[in-house]
Amino acid sequence: MHSDPSTTYHSITYSGRYSDGKTAQSSPAEVRLTERGLEIGFPGAPQALIWPYGALGTATPVAKNATDALVTYEFMPGASLFVSDVKFVEALRVMSPQVTSRAYGWRSARPWVMAAAAVALAVGAGWAANLSPARWVAGMLPDSARASVGDKVLTSMVEGRKECTEPAGRAALDRLVGRLSDASGTKTRFRVRVVDWGLLNAFAVPGEQIVLTRQIIAQAKSPEEVAGVLAHEMGHGLELHPETAIVRIIGLTAVLELMTGGGGTLANVGLGLTQLSYTRAAEREADARGLALLEKARISSSGLIDFFKRISEIERKSGKGEWGLFRTHPESEERAKAAAARPAWKSEPAMSPQEWEALRAICGVGKLDLPTPVDPKAGEKKI
Ligand SMILES: [Zn+2]
């Protein structure tokens, strides 16, 4: 049996990385669990930060046996502390029970929302100020590094969920992805996975990877709509938005450490990526890149426009409530208008009717007849 952390917490100093959320840098920090709260000391600095336990949050619930935690503090939005140490995580779960998986749920959504919002704010603040050292840094990462970070993020994101791989649907999707990848002019082809996930969302992951949920395909009324979502997410990827978000959240040094052999330490950061919403500016960039891809691939933009309209209806129906916190992106309606303002181009169908039918069945027949989800743990629709 392990000893009770509340009696031993004084004696251990953990090493972590502290980020103020404003710059691309993170600093090495010495972390102790004291009676007053989490003490974050910096080598050579006379004073340490104290974060009381009750106001701590994490980007995502900290599961039992988790090996790392990205800790946030209610009163310093944007700041975060990343510690990769099983013992630390264990002690944190005892001192700040609100960060545990069990405490997260419908009833306690609020502190979790605050923590996720803090991360989103940190990301948003940088973009809004147009100070993007993190983005510059993200652009310097070699392709292999982005791919390896992306793989870790992706693994943690889809953990425990089945990937949809029905061969005919997969082949149809591959052809569409190939068409859009060619239009991007990058040498890497985007890798797109469909995950059996009831959440309505699509994620761009570092290293030109994209996750589509089963629900995205279920809600799409035409292959052009799926193509539109894909093109938009590729736009995020081409603009290095996911890489930038990760550099900003955990700092460059931590990213470099992870690239050079860090184990599963991106687990919680990966999950965090599914929570943050991009800024309006980032969404506009992704829209612009996405529309350019569609044009070059000769796929009609009508699908993207229709999809935005449907999303805005779903948003209206499901209500905003406290999820409005995340509403930093332009309203879907506004984006549909902006997309519709571009002159139409000559287009060919995104898929044949047979391919579309196959894609609809990529998760297995009968899997798509599900109601629109409203999942508080799922965060913002960031499409
Ligand atoms: Zn987006």
(request) From (1) within 27 Å of Arg170 (Cα to Cα); (2) within 13 Å of the ligand (Cβ to nearest atom); (3) modelled with pLDDT of 80 or more; (4) of a type outside the set (Asp, Glu), pick out the condition that doesn't hold for Ile311. (result) (3)
(request) Give segment 331-361 a look and list any residue that's loosely packed, with under 14 Cβ neighbours inside 10 Å, farther than 16 Å from Leu293 by Cβ and of a type in the set (A, V, I, L, M), or say none. (result) Ala341
(message) So Gly228 ticks every box in (1) away from the ligand (no atom under 11 Å from the Cβ); (2) surrounded by fewer than 24 Cβ atoms within 10 Å (Cβ to Cβ) but one. Which box is left unticked?
(response) (2)
(message) Step by step: first the residues of segment 282-300, then only those that are aliphatic (A, V, I, L, M) and within 11 Å of the ligand (Cβ to nearest atom), then the one that is modelled with the lowest pLDDT. Which residue is that?
(response) Ala282
(request) Could you list all residues from segment 358-373 that are modelled with pLDDT of 95 or more and within 22 Å of Phe308 (Cα to Cα)? (result) Leu359, Arg360
(request) Test Thr8 against the stated conditions and say whether it is out of contact with any strand residue (DSSP E or B) (no Cβ under 7 Å at 6 or more places or on another chain), of a type outside the set (Lys, Arg), under 24 Å from Ile246 (Cα atoms) and at pLDDT below 80. (result) no
(request) Report yes if some residue within segment 228-249 is outside any helix (DSSP H, G or I) and at pLDDT 90 or above; otherwise report no. (result) no
(request) Please specify each residue of segment 47-101 satisfying the condition of being among the aromatic types (Phe, Trp, Tyr) and within 13 Å of Leu33 (Cα to Cα). (result) Trp51, Tyr53, Phe88
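The values are calculated or read from the model by the stated rules, or taken from the named source; none is laboratory data. Please read these numbers as outputs of a predicted model, since none were measured by experiment. For neighbour counting, all protein chains shown are included, and Cβ atoms are generated from backbone atoms with ideal geometry for every residue, glycine included.
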